[in-house]
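**Q** Below: one structure in C-alpha coordinates.
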Amino acid sequence: MNICMDIQPAITQRAGVGRYVKLLTQHLGATANNNSLTLFYFDFMRKAMPPALPNVKYRSSRWCPGRIAQMAWRTIHWPPFNAFAGQADLYHFPNFIMPPLSRGKAVVTIHDMSFMRFPQFAEQRNRNYLTARIHDTVQRADAIITDSRFSANEINELLNVEKDRLFPVHLGVEREFQRPAEQEIQSATTSLGLSRPYILTVNTLEPRKNIPFLIDVFEKLTDFDGDLVIAGMPGWQYEPILDRIRSSKRASNIIYLNYVPDTLLPSLYAGAKLFALASFYEGFGLPPLEAMACGTPVISSNAGSLTEILGSAAVFVDEFEPDPWVTAIMKIISDTSFRQQLITKGIEQASNYSWTKTALETWQIYEKVCK
(Lines give C-alpha, C1' and ligand atoms only; values in the text may rest on other atoms or scores of the structure.)
Protein backbone atom coordinates (compact mmCIF):
# COMPACT_ATOMS: atom_id res chain seq x y z
CA MET A 1 0.00 0.00 0.00
CA ASN A 2 1.02 3.56 -0.67
CA ILE A 3 -0.26 5.71 2.20
CA CYS A 4 -0.12 9.50 2.36
CA MET A 5 -0.80 11.41 5.58
CA ASP A 6 -1.39 15.13 5.99
CA ILE A 7 1.02 16.07 8.79
CA GLN A 8 0.35 19.83 8.82
CA PRO A 9 -0.84 19.70 12.46
CA ALA A 10 2.57 18.37 13.53
CA ILE A 11 4.23 21.30 11.75
CA THR A 12 2.04 23.96 13.36
CA GLN A 13 1.14 22.51 16.79
CA ARG A 14 3.29 21.12 19.59
CA ALA A 15 0.45 19.73 21.69
CA GLY A 16 -2.93 18.11 21.06
CA VAL A 17 -3.45 16.89 17.51
CA GLY A 18 0.06 17.96 16.57
CA ARG A 19 1.56 15.66 19.17
CA TYR A 20 -0.73 12.81 18.08
CA VAL A 21 0.42 13.18 14.47
CA LYS A 22 4.08 13.40 15.45
CA LEU A 23 4.02 10.25 17.57
CA LEU A 24 1.77 8.25 15.26
CA THR A 25 3.92 8.91 12.20
CA GLN A 26 7.09 7.89 14.04
CA HIS A 27 5.59 4.49 14.82
CA LEU A 28 3.81 4.07 11.50
CA GLY A 29 7.21 4.35 9.83
CA ALA A 30 8.74 1.82 12.20
CA THR A 31 5.94 -0.70 11.51
CA ALA A 32 5.52 -0.07 7.77
CA ASN A 33 6.91 -3.43 6.59
CA ASN A 34 6.59 -3.41 2.78
CA ASN A 35 4.19 -0.47 2.72
CA SER A 36 5.04 3.03 1.58
CA LEU A 37 4.34 6.02 3.82
CA THR A 38 4.51 9.58 2.51
CA LEU A 39 4.03 12.53 4.86
CA PHE A 40 2.77 15.70 3.22
CA TYR A 41 2.94 19.26 4.52
CA PHE A 42 2.82 22.82 3.23
CA ASP A 43 6.14 24.65 3.53
CA PHE A 44 5.71 27.85 1.54
CA MET A 45 8.20 29.76 3.74
CA ARG A 46 10.60 26.79 3.78
CA LYS A 47 10.85 26.85 7.56
CA ALA A 48 9.51 23.39 8.42
CA MET A 49 12.11 20.74 9.21
CA PRO A 50 10.40 17.40 9.94
CA PRO A 51 12.66 14.81 11.56
CA ALA A 52 14.09 11.94 9.55
CA LEU A 53 12.01 8.80 10.14
CA PRO A 54 12.56 5.20 9.06
CA ASN A 55 10.58 4.01 6.01
CA VAL A 56 9.10 7.47 5.51
CA LYS A 57 9.20 9.89 2.58
CA TYR A 58 8.33 13.56 2.81
CA ARG A 59 6.57 15.66 0.23
CA SER A 60 5.90 19.36 0.63
CA SER A 61 4.24 22.12 -1.34
CA ARG A 62 6.43 25.19 -1.60
CA TRP A 63 4.45 27.05 -4.22
CA CYS A 64 1.19 27.45 -2.34
CA PRO A 65 0.77 28.60 1.28
CA GLY A 66 -1.26 26.20 3.37
CA ARG A 67 -3.63 28.95 4.48
CA ILE A 68 -4.48 29.70 0.82
CA ALA A 69 -5.21 26.03 0.17
CA GLN A 70 -7.36 25.88 3.30
CA MET A 71 -9.28 28.94 2.19
CA ALA A 72 -9.88 27.43 -1.25
CA TRP A 73 -11.03 24.15 0.27
CA ARG A 74 -13.48 25.96 2.53
CA THR A 75 -14.96 28.17 -0.20
CA ILE A 76 -14.74 26.51 -3.62
CA HIS A 77 -13.79 22.94 -2.57
CA TRP A 78 -10.85 22.92 -4.97
CA PRO A 79 -8.11 21.98 -5.80
CA PRO A 80 -8.02 18.37 -4.59
CA PHE A 81 -5.56 17.47 -1.86
CA ASN A 82 -3.89 14.90 -4.09
CA ALA A 83 -2.93 17.67 -6.53
CA PHE A 84 -0.48 18.81 -3.85
CA ALA A 85 0.35 15.51 -2.17
CA GLY A 86 0.69 13.25 -5.20
CA GLN A 87 -0.69 9.80 -5.89
CA ALA A 88 -1.50 7.33 -3.11
CA ASP A 89 -3.78 4.38 -2.49
CA LEU A 90 -5.07 5.95 0.71
CA TYR A 91 -4.93 9.39 2.31
CA HIS A 92 -5.12 9.88 6.06
CA PHE A 93 -6.37 13.19 7.44
CA PRO A 94 -5.67 13.20 11.21
CA ASN A 95 -7.29 16.51 12.18
CA PHE A 96 -11.10 16.11 12.02
CA ILE A 97 -11.77 17.44 8.49
CA MET A 98 -11.19 15.88 5.07
CA PRO A 99 -10.29 18.27 2.23
CA PRO A 100 -11.40 17.69 -1.38
CA LEU A 101 -9.94 14.51 -2.86
CA SER A 102 -10.31 13.37 -6.48
CA ARG A 103 -8.88 9.85 -6.14
CA GLY A 104 -7.85 7.25 -3.59
CA LYS A 105 -9.40 6.00 -0.38
CA ALA A 106 -9.67 8.28 2.63
CA VAL A 107 -9.36 7.84 6.39
CA VAL A 108 -10.03 10.70 8.81
CA THR A 109 -9.33 10.90 12.54
CA ILE A 110 -12.05 12.62 14.59
CA HIS A 111 -10.60 12.79 18.07
CA ASP A 112 -13.73 13.75 19.97
CA MET A 113 -17.06 15.54 19.67
CA SER A 114 -16.49 18.25 22.25
CA PHE A 115 -17.29 21.01 19.75
CA MET A 116 -20.84 19.62 19.49
CA ARG A 117 -21.32 18.29 23.02
CA PHE A 118 -19.94 21.41 24.70
CA PRO A 119 -20.03 24.21 22.10
CA GLN A 120 -19.51 26.79 24.84
CA PHE A 121 -15.99 25.44 25.32
CA ALA A 122 -14.94 25.84 21.67
CA GLU A 123 -13.66 28.95 19.91
CA GLN A 124 -16.50 30.18 17.70
CA ARG A 125 -14.64 30.30 14.40
CA ASN A 126 -13.23 26.81 14.89
CA ARG A 127 -16.60 25.51 16.08
CA ASN A 128 -18.35 26.97 13.05
CA TYR A 129 -15.76 25.48 10.71
CA LEU A 130 -15.97 22.01 12.25
CA THR A 131 -19.76 22.04 12.41
CA ALA A 132 -20.03 23.14 8.78
CA ARG A 133 -17.57 20.56 7.43
CA ILE A 134 -17.89 17.53 9.68
CA HIS A 135 -21.00 16.02 8.05
CA ASP A 136 -19.45 16.18 4.58
CA THR A 137 -16.27 14.66 5.97
CA VAL A 138 -17.95 11.62 7.52
CA GLN A 139 -20.04 11.06 4.40
CA ARG A 140 -16.97 10.95 2.13
CA ALA A 141 -14.52 9.11 4.39
CA ASP A 142 -14.08 5.39 3.88
CA ALA A 143 -13.18 4.95 7.54
CA ILE A 144 -13.15 7.11 10.66
CA ILE A 145 -10.57 6.60 13.38
CA THR A 146 -11.23 7.95 16.85
CA ASP A 147 -9.37 7.81 20.15
CA SER A 148 -11.74 5.77 22.32
CA ARG A 149 -14.87 3.64 22.35
CA PHE A 150 -16.58 6.56 24.08
CA SER A 151 -15.78 8.87 21.16
CA ALA A 152 -16.87 6.22 18.65
CA ASN A 153 -20.27 6.11 20.36
CA GLU A 154 -20.43 9.90 20.32
CA ILE A 155 -19.70 10.03 16.58
CA ASN A 156 -22.26 7.32 15.91
CA GLU A 157 -24.91 9.18 17.89
CA LEU A 158 -24.21 12.77 16.86
CA LEU A 159 -23.18 12.25 13.22
CA ASN A 160 -25.16 9.10 12.43
CA VAL A 161 -22.08 7.23 11.21
CA GLU A 162 -22.39 3.50 10.65
CA LYS A 163 -20.45 1.53 13.25
CA ASP A 164 -18.69 -0.55 10.59
CA ARG A 165 -16.88 2.62 9.44
CA LEU A 166 -15.88 3.62 12.99
CA PHE A 167 -12.60 2.39 14.46
CA PRO A 168 -11.63 3.32 18.04
CA VAL A 169 -7.85 3.21 18.35
CA HIS A 170 -6.38 4.13 21.71
CA LEU A 171 -3.37 6.41 21.84
CA GLY A 172 -0.09 5.25 23.32
CA VAL A 173 2.28 6.14 26.12
CA GLU A 174 5.86 6.63 25.00
CA ARG A 175 8.52 4.40 26.53
CA GLU A 176 10.26 7.47 27.93
CA PHE A 177 7.38 7.91 30.36
CA GLN A 178 8.57 5.95 33.35
CA ARG A 179 9.90 7.04 36.70
CA PRO A 180 13.38 8.55 36.26
CA ALA A 181 16.16 8.24 38.81
CA GLU A 182 15.70 10.46 41.87
CA GLN A 183 18.68 12.61 40.91
CA GLU A 184 17.15 13.26 37.48
CA ILE A 185 13.79 14.16 39.03
CA GLN A 186 15.50 16.56 41.43
CA SER A 187 17.55 18.17 38.68
CA ALA A 188 14.54 18.66 36.37
CA THR A 189 12.17 19.99 39.02
CA THR A 190 14.84 22.37 40.30
CA SER A 191 15.39 23.67 36.75
CA LEU A 192 11.64 24.34 36.56
CA GLY A 193 11.72 26.29 39.82
CA LEU A 194 9.94 23.65 41.90
CA SER A 195 11.31 23.33 45.43
CA ARG A 196 8.22 22.27 47.41
CA PRO A 197 5.78 19.35 47.28
CA TYR A 198 3.27 19.89 44.49
CA ILE A 199 0.03 18.75 42.92
CA LEU A 200 0.28 18.73 39.13
CA THR A 201 -2.04 19.22 36.20
CA VAL A 202 -0.88 19.22 32.56
CA ASN A 203 -3.39 20.72 30.14
CA THR A 204 -3.80 23.33 27.48
CA LEU A 205 -5.18 26.43 29.19
CA GLU A 206 -8.74 26.54 27.88
CA PRO A 207 -12.22 26.53 29.49
CA ARG A 208 -12.93 22.82 28.84
CA LYS A 209 -10.06 21.78 31.11
CA ASN A 210 -11.77 23.38 34.16
CA ILE A 211 -8.55 24.65 35.72
CA PRO A 212 -10.28 27.39 37.78
CA PHE A 213 -12.12 24.60 39.61
CA LEU A 214 -8.81 22.98 40.52
CA ILE A 215 -7.76 26.33 41.96
CA ASP A 216 -10.97 26.34 44.02
CA VAL A 217 -10.02 22.90 45.32
CA PHE A 218 -6.45 23.95 46.02
CA GLU A 219 -7.63 26.94 48.04
CA LYS A 220 -9.47 24.53 50.34
CA LEU A 221 -6.48 22.20 50.69
CA THR A 222 -5.33 24.00 53.80
CA ASP A 223 -3.70 20.84 55.19
CA PHE A 224 -1.43 20.52 52.15
CA ASP A 225 1.75 22.54 52.59
CA GLY A 226 2.78 22.66 48.95
CA ASP A 227 2.09 24.11 45.53
CA LEU A 228 -0.30 23.65 42.64
CA VAL A 229 1.68 23.37 39.40
CA ILE A 230 -0.08 24.00 36.10
CA ALA A 231 1.76 23.08 32.90
CA GLY A 232 0.46 23.63 29.39
CA MET A 233 0.35 26.03 26.49
CA PRO A 234 -2.11 28.95 26.48
CA GLY A 235 -5.18 28.05 24.44
CA TRP A 236 -8.51 29.64 23.63
CA GLN A 237 -9.69 32.07 26.34
CA TYR A 238 -6.65 31.46 28.50
CA GLU A 239 -6.60 35.03 29.90
CA PRO A 240 -9.42 34.49 32.48
CA ILE A 241 -7.57 31.39 33.70
CA LEU A 242 -4.39 33.38 34.27
CA ASP A 243 -6.49 36.06 35.99
CA ARG A 244 -7.92 33.39 38.30
CA ILE A 245 -4.41 32.23 39.15
CA ARG A 246 -3.29 35.79 39.94
CA SER A 247 -6.38 36.56 42.04
CA SER A 248 -6.24 33.36 44.10
CA LYS A 249 -5.74 33.76 47.82
CA ARG A 250 -3.01 31.13 47.39
CA ALA A 251 -1.51 32.74 44.30
CA SER A 252 1.99 32.58 45.78
CA ASN A 253 1.66 28.78 45.82
CA ILE A 254 0.33 28.39 42.26
CA ILE A 255 3.02 27.97 39.62
CA TYR A 256 2.21 28.21 35.91
CA LEU A 257 4.96 26.65 33.81
CA ASN A 258 3.51 27.13 30.31
CA TYR A 259 4.72 24.50 27.81
CA VAL A 260 7.10 21.89 29.23
CA PRO A 261 9.16 19.90 26.67
CA ASP A 262 8.77 16.13 26.53
CA THR A 263 12.31 15.66 27.83
CA LEU A 264 11.30 17.15 31.21
CA LEU A 265 7.77 15.79 31.46
CA PRO A 266 8.61 12.37 33.01
CA SER A 267 10.46 14.06 35.87
CA LEU A 268 7.71 16.66 36.25
CA TYR A 269 5.11 13.89 36.54
CA ALA A 270 7.24 11.73 38.83
CA GLY A 271 8.01 14.59 41.22
CA ALA A 272 4.33 15.32 41.90
CA LYS A 273 2.41 14.12 44.94
CA LEU A 274 -0.47 13.44 42.58
CA PHE A 275 -1.84 14.37 39.17
CA ALA A 276 -5.27 16.05 39.02
CA LEU A 277 -7.58 16.36 36.01
CA ALA A 278 -10.93 18.13 36.39
CA SER A 279 -11.84 18.31 32.70
CA PHE A 280 -15.46 18.68 31.61
CA TYR A 281 -14.89 16.38 28.60
CA GLU A 282 -12.11 14.22 27.18
CA GLY A 283 -12.02 12.09 24.06
CA PHE A 284 -9.01 10.21 25.45
CA GLY A 285 -6.92 11.77 28.22
CA LEU A 286 -3.19 11.22 27.64
CA PRO A 287 -1.56 13.29 30.45
CA PRO A 288 -3.07 11.27 33.33
CA LEU A 289 -1.90 8.04 31.65
CA GLU A 290 1.60 9.47 31.29
CA ALA A 291 1.53 10.44 34.96
CA MET A 292 0.53 6.89 35.89
CA ALA A 293 3.40 5.50 33.83
CA CYS A 294 5.77 7.69 35.85
CA GLY A 295 4.48 6.32 39.15
CA THR A 296 2.20 9.22 40.10
CA PRO A 297 -1.32 8.60 41.47
CA VAL A 298 -4.19 10.26 39.60
CA ILE A 299 -7.43 11.91 40.66
CA SER A 300 -9.85 12.69 37.84
CA SER A 301 -13.33 13.72 36.87
CA ASN A 302 -15.32 10.95 35.19
CA ALA A 303 -16.00 13.06 32.09
CA GLY A 304 -16.06 11.61 28.60
CA SER A 305 -13.67 8.72 28.01
CA LEU A 306 -11.70 9.01 31.26
CA THR A 307 -13.20 6.00 33.05
CA GLU A 308 -12.58 3.90 29.91
CA ILE A 309 -8.95 4.98 29.58
CA LEU A 310 -7.88 5.13 33.23
CA GLY A 311 -9.88 2.13 34.41
CA SER A 312 -9.71 1.30 38.11
CA ALA A 313 -6.27 2.87 38.49
CA ALA A 314 -7.51 6.42 39.17
CA VAL A 315 -9.64 7.98 41.87
CA PHE A 316 -12.73 9.40 40.17
CA VAL A 317 -14.86 12.19 41.60
CA ASP A 318 -18.24 12.46 39.86
CA GLU A 319 -19.09 16.04 40.85
CA PHE A 320 -17.55 19.47 40.55
CA GLU A 321 -17.79 20.45 44.20
CA PRO A 322 -14.48 21.17 45.96
CA ASP A 323 -15.06 19.26 49.22
CA PRO A 324 -15.16 15.71 47.73
CA TRP A 325 -12.00 16.50 45.78
CA VAL A 326 -10.26 17.83 48.89
CA THR A 327 -11.17 14.68 50.84
CA ALA A 328 -9.97 12.37 48.04
CA ILE A 329 -6.74 14.29 47.51
CA MET A 330 -5.82 14.23 51.19
CA LYS A 331 -6.47 10.49 51.32
CA ILE A 332 -4.13 9.92 48.36
CA ILE A 333 -1.43 12.09 49.94
CA SER A 334 -1.68 10.84 53.53
CA ASP A 335 -2.70 7.17 53.24
CA THR A 336 0.57 5.44 52.34
CA SER A 337 -0.98 2.04 51.61
CA PHE A 338 -3.75 3.47 49.43
CA ARG A 339 -1.27 5.67 47.59
CA GLN A 340 0.97 2.70 46.81
CA GLN A 341 -2.02 0.72 45.51
CA LEU A 342 -2.81 3.55 43.10
CA ILE A 343 0.80 3.79 41.95
CA THR A 344 0.98 0.03 41.27
CA LYS A 345 -2.36 -0.02 39.45
CA GLY A 346 -1.43 3.09 37.47
CA ILE A 347 1.84 1.66 36.16
CA GLU A 348 0.01 -1.50 35.12
CA GLN A 349 -2.80 0.44 33.46
CA ALA A 350 -0.42 2.67 31.50
CA SER A 351 1.50 -0.38 30.29
CA ASN A 352 -1.58 -1.38 28.25
CA TYR A 353 -1.06 1.59 25.92
CA SER A 354 1.77 1.84 23.41
CA TRP A 355 2.27 3.82 20.23
CA THR A 356 3.48 0.67 18.49
CA LYS A 357 0.08 -0.89 19.16
CA THR A 358 -1.62 2.30 17.98
CA ALA A 359 0.38 2.21 14.75
CA LEU A 360 -0.26 -1.50 14.10
CA GLU A 361 -4.01 -1.05 14.57
CA THR A 362 -3.91 1.95 12.23
CA TRP A 363 -2.13 -0.13 9.55
CA GLN A 364 -4.86 -2.77 9.93
CA ILE A 365 -7.49 -0.13 9.19
CA TYR A 366 -5.56 1.02 6.12
CA GLU A 367 -5.44 -2.58 4.90
CA LYS A 368 -9.15 -3.11 5.46
CA VAL A 369 -10.05 0.06 3.56
CA CYS A 370 -7.72 -0.74 0.65
CA LYS A 371 -9.02 -4.28 0.10
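**Q** Given a 1.4 Å probe and every protein chain left where it sits, what share in percent of the accessible area of segment 149-199 is carbon and sulfur?
**A** Within segment 149-199, the accessible surface is 46 percent carbon and sulfur.
**Q** Something else about it: Give me the 1.4 Å probe accessible area per residue for segment 2-111, excluding ligands and nucleic acids, in Å².
**A** Each residue of segment 2-111 exposes 47 Å² on average to a 1.4 Å probe.
**Q** At a threshold of 8 angstrom on Cα-Cα distance, excluding pairs fewer than six apart, so keeping six or more, what relative contact order does the chain reach in percent?
**A** Numbers: 690 pairs, mean separation 58.5, N = 371.
About 16 percent, as a whole number.
**Q** Consider all pairwise Cα distances in segment 127-206 and report the whole-number % of them above 18 Å.
**A** Numbers: 2014 of 3160 pairs.
More than 18 Å apart: 64 percent of the Cα pairs in segment 127-206.
**Q** Sort segment 173-293 into rounded, prolate or oblate with this rule: let a ≥ b ≥ c be the square roots of the eigenvalues of the Cα gyration tensor; rounded if a/c is under 1.5, and if a/c is not under 1.5, prolate when a/b is larger than b/c, oblate otherwise.
**A** Because a/c hits 1.5 or more and a/b fails to exceed b/c, segment 173-293 counts as oblate.
**Q** With θ set to phi - 60° and the Karplus curve 6.51 cos²θ - 1.76 cosθ + 1.60, what are the ³J(HN,Hα) couplings of segment 319-333 in order, to the nearest whole Hz, using x for Gly and Pro?
**A** Couplings: 8, 9, 10, x, 4, x, 5, 4, 4, 5, 5, 5, 5, 4, 6 Hz.
**Q** Obtain the nm distance between the two label points defined at Thr263 and Ala83 by a simple spin-label model: each point lies 7 Å from its Cα along the Cα-to-C-beta direction.
**A** Output for this residue pair reads 4.3 nm.
**Q** A further question on this structure: Pull up the cross-link candidates among the lysines for Lys220, meaning alpha carbon to alpha carbon under 19 Å and not fewer than 8 places away within one chain.
**A** Reachable lysines: Lys249, Lys273, Lys331.
**Q** On a straight-distance basis, which lysines could pair with Lys105 in a cross-link, Cα separation under 16 angstrom, same-chain partners fewer than 8 positions away excluded?
**A** List returned: Lys368, Lys371.
**Q** Could you work out what % of the accessible surface of segment 213-371 is carbon and sulfur, using a 1.4 angstrom probe and leaving DNA, RNA and ligands out of the count?
**A** 50 percent
**Q** I've got another one for you. Using the basic label-point model (7 angstrom from Cα toward the beta carbon), what is the Asn128 to Thr356 distance in nanometres?
**A** 4.7 nm
**Q** Can you list residues from other chains, or at least 5 along the same chain, whose modelled amide H is less than 5 Å from the amide H of Phe118?
**A** Here nothing satisfies the definition.
**Q** Still on this structure, please answer the following. Using θ = phi - 60° and the Karplus curve 6.51 cos²θ - 1.76 cosθ + 1.60, what whole-Hz ³J(HN,Hα) does each residue of segment 257-272 get, with Gly and Pro shown as x?
**A** 9, 6, 6, 10, x, 4, 5, 9, 4, x, 5, 4, 4, 5, x, 7
**Q** Still on this model: Give, in whole angstrom and from largest to smallest, the semi-axes √(5λ) of the equivalent ellipsoid of the chain, with λ running over the eigenvalues of the Cα gyration tensor. Each step should come with its number before you reach the end.
**A** Working: eigenvalues 274, 92, 81 Å².
Gyration-tensor ellipsoid for the chain: 37, 21, 20 Å.
**Q** Can I ask one more? How much net charge surrounds Pro324 when only other residues with a Cβ under 13 Å from its Cβ are counted (Lys, Arg +1; Asp, Glu -1)? Spell out each step's value before the answer.
**A** Numbers: positive: Lys220, Lys331; negative: Asp216, Asp318, Glu319, Glu321, Asp323.
Computed value for this residue: -3.
**Q** On to the next question. Rg over Rh of segment 66-178, using C-alpha atoms and the Kirkwood radius, what does it come to? If you can, show how the numbers build up before the last one.
**A** Working: Rg = 15.0 Å, Rh = 15.1 Å.
In segment 66-178, Rg relative to Rh is 0.99.
**Q** How much net charge surrounds Asp225 when only other residues with a Cβ under 15 Å from its Cβ are counted (Lys, Arg +1; Asp, Glu -1)?
**A** +1
**Q** Under a 5 Å amide H to amide H cut-off, with H placed in plane at 1.01 Å, what residues pair with Val229 once short-range neighbours are removed?
**A** Ile199, Leu200, Thr201, Ile255
**Q** Assign one of three labels to segment 227-275, namely rounded, prolate or oblate, based on the Cα gyration tensor with a ≥ b ≥ c the square roots of its eigenvalues; rounded applies when a/c is under 1.5, prolate when it is not and a/b is larger than b/c, and oblate otherwise.
**A** Oblate is the answer for segment 227-275, as a/c is 1.5 or above yet b/c matches or exceeds a/b.
**Q** To two decimal places, what compactness ratio does segment 1-157 give when its Cα radius of gyration is scaled by 2.2 N^0.38 Å?
**A** Working: Rg = 15.3 Å, N = 157, 2.2 N^0.38 = 15.0 Å.
Taking N as the residue count of segment 1-157, the ratio is 1.02.
**Q** Now, a different point. So for segment 181-289, averaging the separation of alpha carbon pairs under 8 Å that are six or more residues apart and normalising by length, what relative contact order in percent results?
**A** On the way: 151 pairs, mean separation 43.1, N = 109.
Taking the mean separation of contacting Cα pairs over the length of segment 181-289, I get 40 percent.
**Q** Another question about this same structure. Using modelled amide H (1.01 Å from N, peptide plane; none on Pro or chain starts), what sits under 5 Å from the amide H of Val161, excluding residues fewer than 5 places away?
**A** Amide H neighbours of Val161, under 5 Å, 5+ apart: Asn156.
**Q** Keeping all protein chains in place, calculate the accessible area per residue for segment 301-360 (probe 1.4 angstrom), answer in Å².
**A** Ligands and nucleic acids excluded, the result is 48 Å² per residue.
**Q** Something else: Could you check how much of the accessible area of segment 1-63 is carbon and sulfur, as a whole percent, using a 1.4 Å probe? Provide the component values of the computation, followed by the final result.
**A** Numbers: 1640 of 3260 Å².
Of all accessible area on segment 1-63, carbon and sulfur atoms account for 50 percent.
**Q** Report, ordered by chain and residue number, the aspartates and glutamates lying within cross-link reach of Lys22, taken as a straight Cα distance under 19 Å and ignoring same-chain residues fewer than 8 apart.
**A** Asp6, Asp43, Asp112, Asp147, Glu174, Glu176, Asp262, Glu290, Glu361
The values are calculated or read from the model by the stated rules, or taken from the named source; none is laboratory data. Just so it is clear, the model here is predicted, and its values are computed rather than measured. Every residue, glycine among them, receives a Cβ derived from its backbone with ideal geometry; neighbour counts consider all protein chains shown. For the accessible areas, the whole protein counts, side chains as well, though only heavy atoms, and no ligand, DNA or RNA atoms are used. Shrake-Rupley method; radii C 1.70, N 1.55, O 1.52, S 1.80 Å.
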